[in-house]
Amino acid sequence: MASKKLLGLTAATAALVLGISACGNGGEGEGGEGGGEAFTFGILYPQTGNLAFLGPPQITAAEYAVSEINDAGGILGTEVPDIIQGDEAGDNAQANQAANNLVADEVNAVIGAAASGMTQATYDTITSANIVQCSGSNTSAALSDIDDNGYYFRTAPSDSLSAVVMARKLVEAGNQSVAVVARGDDYGAGYAQNLEAELQALGAEIAVSETYDPEATTFDSVVSSVNGSEPDAVALIAFEEGAQVIAQLLESGVEGEQLFITDGLNDPELGEKVNSDDPDVINGVTGVAPSADNAEFSEGLAEFNPELEVFQFAPQVFDCVTVIALAAEAAGSVDPADYVAELPNVSRPEGTECGSFAECAELIADGEDINYQGVSGNIDFDDNGDPTAATFEIFAFGDDGHEVLAYEEHSLND
């Protein structure tokens, strides 16, 4: 793949490239408390827009990771300063402007964007400046093949893996005829394609496959097509606008037990958004979302920010920040061109397992190779910067509201 070929560059050559580009805080940042050059994180996350409910866990997790790093002495002995924030806002132009601002601020790494489409709009701005970008929530399969100079990574699993889990849950529930409804963008199309392929491989029939305009205000044609196909179940691949699709499907006679949804709708307040007068109308709806079976992390994050209500993708964002910090420790440099090659190395199975920045940094200082075990699970980046395994939560809505039914781990080798 073109995306990771530059990882073979020597540190000296990569440093020369960065020096010519004059990006990535390559030697001109101010020193922190430790006297060395400070490592500055930037973050692109949805402060506004239709995924704004995912904003609080993104920034909270990133700040929590930085606090843990600073409690352990900072990166290379220097305290990490406050994260520089940018709003992706669900808008390509605004997201790219925010990315340009982060590049101008000469950050050493960018966390995000949160939405796959916003990363599509910003990765060239960031990675062409030789700045590492890591997202904890990008899932579009198309991002595996982008021409990113080897600087883009993610700790969230590709939809090619998530779709497999969704297909298996649909079939395990006894559904042999499935209507697939997806938002009309790269995320929706990629997820639907992988979902349909896996459903067919499992012997299920695709009753109908429909896409819709996420900006639409009514979804009558989609609902009519679904009802006309008389499926056993409906798989809805959506973001927040999916609440309107669910409302119309339920009004048309589809039962909650027939609906299976993706991570973009994993919102405890979904019932209120579907029908504020009767939130229980979504009882029976089931979903699949990347997650982490890690109560200790969730408790620590809740203590760090007691007001946090949504935790989705927080473990993966925490891991983005931590694995980047460890790569800088391993390289002995905050320069992205120096530490980028260490990102896969610090999470490889051949190293000594460790589960926190403090523990892993100490092993690195002792000259050991490490295998960082993330709070979201084992990362183990492949050649495209994707994790090769992930944990998923099976969530549902019932009499007690939103609940997690189970956690399941799946890998590309399953």
Notebook entry, point to check: Limited to the range 140-169, what total is found for residues that are in contact with a Ser or Thr (Cβ under 9 Å, 6 or more places away or on another chain), more than 16 Å from D383 (Cα to Cα) and among the charged types (D, E, K, R)?
Noted result: 2
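Would you mention how many residues in the range 263-298 are outside any loop (DSSP other than H, G, I, E, B) and within 16 Å of S137 (Cα to Cα)?
The number of residues fulfilling the criteria is 7.
Tell me the residue from L301, L363, L308 that is part of a helix (DSSP H, G or I), within 24 Å of the chain's Cα centre (by Cα) and surrounded by 16 or more Cβ atoms within 10 Å (Cβ to Cβ), please.
On the way: L363 fails: within 24 Å of the chain's Cα centre (by Cα); L308 fails: part of a helix (DSSP H, G or I).
Unique residue meeting the criteria: L301.
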Notebook entry, point to check: Being modelled with pLDDT of 90 or more, in contact with a Pro (Cβ under 6 Å, 6 or more places away or on another chain) and closer than 22 Å to A72 by Cβ, is that true of even one residue in the range 381-403?
Noted result: no
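Which of the residues that make up the range 183-207 are of a type in the set (A, V, I, L, M) and open to solvent by less than 50 Å² (accessible area, probe 1.4 Å)? Even if it seems obvious, please write down each step before you answer.
Of the residues in the range 183-207, the ones of a type in the set (A, V, I, L, M) are 189, 192, 195, 197, 199, 201-202, 204, 206-207.
Residues satisfying the conditions are A192, L195, L199, A204, I206, A207.
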Check: Which condition does V171 not pass, out of (1) surrounded by fewer than 24 Cβ atoms within 10 Å (Cβ to Cβ); (2) touching a helix residue (DSSP H, G or I) at 6+ places or on another chain (Cβ under 6 Å); (3) not charged (D, E, K, R), if it passes all the others?
Finding: (2)
Check: Taking the range 366-382, which residues are surrounded by 24 or more Cβ atoms within 10 Å (Cβ to Cβ) and of a type in the set (F, W, Y)?
Finding: Y372
Checklist line | From E210, E240, residue being open to solvent by 30 Å² or more (accessible area, probe 1.4 Å), modelled with pLDDT of 95 or more and not β-branched (V, I, T) | finding: E210
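Within the range 77-92, work out how many residues are part of a strand (DSSP E or B), among the β-branched types (V, I, T) and under 19 Å from F318 (Cβ atoms).
Quick first cut of the range 77-92, residues part of a strand (DSSP E or B) only: 78, 84-87.
From what's left, among the β-branched types (V, I, T): 78, 84.
Checking the rest, the ones that are also under 19 Å from F318 (Cβ atoms) come to 84.
Qualifying residue count, the range 77-92: 1.
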Margin query: Contact list please: Cβ distance under 9 Å, first residue in the range 345-367 and more than 25 Å from G150 (Cβ to Cβ) and free of Cβ contacts under 8 Å to residues at least 60 places away in the same chain, second residue outside any loop (DSSP other than H, G, I, E, B) and of a type in the set (D, E), pairs at least six apart or on different chains.
Written below: A365/E329
Margin query: Looking only at residues that are over 23 Å from the mean Cα position of the chain (by Cα) and β-branched (V, I, T) in the range 333-354, which one is most open to solvent (accessible area, probe 1.4 Å)?
Written below: T352
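Being assigned to a helix (DSSP H, G or I), touching a residue at least 40 places away in the same chain (Cβ under 8 Å) and open to solvent by 20 Å² or more (accessible area, probe 1.4 Å) is true for just one of A325, A330. Which residue is that? Explain how you work it out, then say what you get.
Details: A325 fails: open to solvent by 20 Å² or more (accessible area, probe 1.4 Å).
Exactly one of A325, A330 is assigned to a helix (DSSP H, G or I), touching a residue at least 40 places away in the same chain (Cβ under 8 Å) and open to solvent by 20 Å² or more (accessible area, probe 1.4 Å), namely A330.
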Checklist line | Matching entry among N130, N138, N100 (being more than 19 Å from the chain's Cα centre (by Cα), touching a residue at least 24 places away in the same chain (Cβ under 8 Å) and open to solvent by less than 50 Å² (accessible area, probe 1.4 Å)) | finding: N130
Next item on the list: Test each condition in (1) open to solvent by less than 10 Å² (accessible area, probe 1.4 Å); (2) under 19 Å from the mean Cα position of the chain (by Cα); (3) at pLDDT 95 or above for F318 and report the one that comes out false.
Entry: (1)
Check: Would it be correct to say that F357 is over 17 Å from the mean Cα position of the chain (by Cα) and among the aromatic types (F, W, Y)?
Finding: yes
Notebook entry, point to check: If you go through the range 37-85, how many residues are touching a residue at least 24 places away in the same chain (Cβ under 8 Å), out of contact with any Phe, Trp or Tyr (no Cβ under 8 Å at 6 or more places or on another chain), closer than 24 Å to A104 by Cβ and open to solvent by 30 Å² or more (accessible area, probe 1.4 Å)?
Noted result: 6
Notebook entry, point to check: Is there a residue in the range 100-110 that is more than 17 Å from A390 (Cβ to Cβ), part of a loop (DSSP other than H, G, I, E, B) and in contact with a Cys (Cβ under 9 Å, 6 or more places away or on another chain)?
Noted result: yes
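Considering only residues of the range 383-414 that are among the acidic types (D, E) and closer than 30 Å to P344 by Cβ, which is surrounded by the most Cβ atoms within 10 Å (Cβ to Cβ)?
Going residue by residue through the range 383-414, those that are among the acidic types (D, E) are 383, 386, 393, 399-400, 403, 408-409, 414.
So of that shortlist, the ones also closer than 30 Å to P344 by Cβ come out as 383, 386, 393, 408-409, 414.
On the way: D383: 13, D386: 25, E393: 20, E408: 16, E409: 13, D414: 10.
So, considering only residues that are among the acidic types (D, E) and closer than 30 Å to P344 by Cβ, the one surrounded by the most Cβ atoms within 10 Å (Cβ to Cβ) is D386.
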Check: Within the range 145-159, is there a residue that is surrounded by fewer than 18 Cβ atoms within 10 Å (Cβ to Cβ), modelled with pLDDT of 95 or more and in a loop (DSSP other than H, G, I, E, B)?
Finding: yes
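The values are calculated or read from the model by the stated rules, or taken from the named source; none is laboratory data. Everything numeric here is computed off the predicted structure, so don't read it as measured data. Methodologically, a virtual Cβ is constructed for each residue, glycine included, from the backbone with ideal geometry; neighbour enumeration extends over all protein chains shown. All accessible areas refer to the heavy atoms of the entire protein, side chains included, with ligands and DNA or RNA removed. Shrake-Rupley method; radii C 1.70, N 1.55, O 1.52, S 1.80 Å.
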